1. Can you pull a Stokes-Einstein diffusion coefficient for the protein assembly as shown at 25 °C (0.890 mPa s), Rh from Kirkwood over Cα pairs, as a whole number of µm²/s?
2. Please report, in debye to the nearest 20, how large the charge dipole of chain B is about its Cα centre when each Lys and Arg carries +1 at its beta carbon and each Asp and Glu carries -1 there.
3. Putting +1 on Lys and Arg Cβ atoms and -1 on Asp and Glu Cβ atoms, find which of A:Ala140, A:Leu183, A:Asn166 reaches farthest to the positive end of the dipole of the range A:111-205.
4. In nm, to one decimal, how far is the modelled label at B:Ala72 from the one at B:Arg40, with both set 7 Å along Cα→Cβ?
5. Charges on Cβ only, +1 for Lys and Arg, -1 for Asp and Glu, centred on the Cα centroid of chain B; of B:Pro336, B:Ala357, B:His104, which one is farthest towards the dipole's positive end?
6. Could you give me the ³J(HN,Hα) list for the range B:63-71, computed from phi with Karplus coefficients 6.51, -1.76, 1.60 and θ = phi - 60°, whole Hz, x at Gly and Pro?
7. Once amide H atoms are built 1.01 Å from N in the peptide plane, which residues 5 or more positions from B:Val34, or in another chain, come under 5 Å H to H?
8. A:Phe381 to A:Ser3: extension gain in nm, 0.36 nm per residue of separation minus the Cα-Cα distance?
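Just so it is clear, none of the values below were taken in a lab; they were calculated from the coordinates. The structure presented is a predicted model; accordingly, all values stated were derived computationally and were not measured. Cβ: placed from backbone, ideal geometry, glycine included. Neighbour counts: every protein chain shown.
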Protein chains: 2
Amino acid sequence: MNSAQHTDVVVVGAGLAGLTAARELVAAGKSVAVLEARERVGGRLLNHHLGDGRVTEIGGQFVGPTQDRVLALAKEVGVDTYQAAVPGETVYVNEGKAKRFSGHIPPDLFALPDMGLALARIGQAAAKISPHAPWEAAKARELDGMTYETWLRKAEITGDAVDMINLFLNSAYGGEARDASALFSLWYVSTFGDETHPGTMDRGTGTTGGAQDSRFVGGSQLVAQRMAVELDGRVHLSAPVRRISQDSTGVTVVSDAGDWRADRVVVAVPPVVASRIVWDPLLPAQQDQLLQRLPFGTLMKCVAVYDKPFWREDGLSGMGLLRGGSPIREMFDNTPPDGGPGVLMGFLGGKEWRKWAHRPAAERRGAVLRCFAQVVGDRAFDTVDYVEQDWTAERWTLGGPTSVAAPGVLADHGQWMGRPHGRVHWAGAEFSPYWNGYMDGAVRSGQHTAAELLHQI
Amino acid sequence: MNSAQHTDVVVVGAGLAGLTAARELVAAGKSVAVLEARERVGGRLLNHHLGDGRVTEIGGQFVGPTQDRVLALAKEVGVDTYQAAVPGETVYVNEGKAKRFSGHIPPDLFALPDMGLALARIGQAAAKISPHAPWEAAKARELDGMTYETWLRKAEITGDAVDMINLFLNSAYGGEARDASALFSLWYVSTFGDETHPGTMDRGTGTTGGAQDSRFVGGSQLVAQRMAVELDGRVHLSAPVRRISQDSTGVTVVSDAGDWRADRVVVAVPPVVASRIVWDPLLPAQQDQLLQRLPFGTLMKCVAVYDKPFWREDGLSGMGLLRGGSPIREMFDNTPPDGGPGVLMGFLGGKEWRKWAHRPAAERRGAVLRCFAQVVGDRAFDTVDYVEQDWTAERWTLGGPTSVAAPGVLADHGQWMGRPHGRVHWAGAEFSPYWNGYMDGAVRSGQHTAAELLHQI
């Protein structure tokens, strides 16, 4: 304790949420130390360098309309955006057959009517759930008593449409409809918006005009890096926090890079990572129980690099939607904005991760490239480089892209999400009522927590 | 590392599983150090002293037929058993009305036919699931895509019967049918037996002839204490393990009471507690994901002590079954075997825990005693002592009575349960194919793991 450094607030975690909170606190005149376990900032945002100063992302990357908080923040730190979608046709792969199409609607006469019905029913149900307090919905307990898969089938949504929804959840949850409660999933849709735009499934799944509308020039991690530079020496890397002890006069934060003594602490690491800090005293039992019930999804990003984005010459956007049974369910053209080198990125998520993540690397690479080839042709095998980022193997994340609640969690434990505990405040994408699990949610929660804390000290 | 103590095997956790493993390893000539975080042994077994050498239990307490492993062990260490059931009528409370009855069948004309149907259908479905590999069941993915509540309703089991099943799950899971997958719950029933007696719901829920048949003279914790004495200095208390690092030549276990260097380690703490150890290298991602998905139930034991078991004079057994809406759903006469003082014990579990655990103590005590009074009359308020044991507040357990898997867990991650990882072996009630979550499962897993390990070193 004698050698502890003193500060008003310790922020644990230098992802978007923690850095945003720190930035607001510093602007309000507080002394702040940000303790980051890794040797880098950005959390679930991670640039991959392609050479010549070009990057592609192997973590979170997309932003879109109503994600005003992260868009405004990026503007403030001088990071531009660009349209993510590339002109050209998308490819829909079903039972090994690839079909090209334009626009948003996959060319599948069997799945389409059901998808229309599914989206309408999901929209109606999500509209009845408050993004701020899903546990107060009239049917909260009923909806939290079943999986989303059960709910979809009860709503007479058929196998084809359920598989299309799983295609989205594969990357959105790193899971599938089976893994989450109906209440969580309908609430999740309600978070795809802001105070004036109610959440919709279209906005969550959409490319242009939706959550996959835009990307950041220089890569999403640059937003975090710029904030860290602004924070000017206040961010301490390689400083994993092992213990948080609070008493009547303050809080002691024990890290591998020394101890800090502060008036308050903002914990801005993912729920499962937070649960593994030694808490002294323990968190309130309900909050610990909540953290026991917010497992991460399982997600790997698979990136193939080519001399150039050859598919564009063929009139293809590089985007692919692949039906059940395919290791990659969704893929995108991830080429840097100036057009080279060519980059294809696919999500290996949910049950496909569980099937593939621990097979030999060469076997998995082959399976991934075969998916890419179904979408853009056999030149997909002529890679310059191939990179995988398995978020489950990251000690300081432990999964991806976000935490997903099974039945029984939100209704009984949800109100403990982000609830301050003495001198401990919470921030993170998982604690936002809008764009929960997204970059915008992280920024929003960081701002909210800083305001909450400044109100109290 | 220089100051590390050397041993063949470190066992982490001195509950029944860890102590059993240690005992077998010592018998085979291995050097063993058992590191226990608490100042006591027994894990989820805990005696409460009533004075004059008498005890009652505020942790696990019941044993019954087919639980041969724990019964044999108790015999070996000289702990006797006695019949738990007390002569007299049981009380069934529904909508505030108490009815006395004899035998196993509650006097409820509305619930009964459905309960019969429910038990038959549960039995048929559970018989198709292997206790050893539930993920291989023909309908594994379908059953793991829904909650147990959904499955019960699909099987046309009505609200009354679902509530009766929840009454059992309230203490068995510290939860309800909504919290667990159908696959987990039907598998759980299949574990209520042994190699020659397939699991049945009756054996799980039953008093005489079932899992609540008998108790240990001197309290269940005595079995653990006797083993610890036998282990003669090999059990180190107040030694919480913080880090487990393995390399090609051995494993280093870092505890608050010093470091140990061993050839192998047996981790015999609950899954959520194990997940919070610092693992170096990380556990395989699938195993970490499994540990992220095995939250504890929420359970508190509420114990009222009286001069004598006055209800016996009224022809009551002290046992009560209370329908939905009641804080206590199930209660028992927990009087020591020689007949005094009188002890009533009730489970405050699942959603009732979530509702009551953090209300003011006096308010909760009042609610609990009102439940007791519905069963044994107003003398229930004349307590000599009142004790609560909230297992969620125990740092080295973090919930109770066992870990419960939501949908999507067993089918995709189940095969990682208890799978050795390099020099790390697993033991614990949660890793047993029979009486999973029970004392017998803990002993069985400890024996299994010791044998597995001895086969390798």
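1. On the way: Rh = 28.8 Å.
For the chosen part, D equals 85 µm²/s.
2. On the way: 45 positive and 52 negative charges, 123 e Å.
It comes to approximately 600 debye.
3. Result: A:Ala140, furthest along the dipole toward the positive end.
4. The answer from the label model is 2.9 nm.
5. B:Ala357
6. Result, rounded to whole Hz: 9, x, x, 6, 8, 5, 5, 6, 5.
7. Distant-sequence amide H within range of B:Val34: B:Val11, B:Val235, B:His236.
8. 130.4 nm
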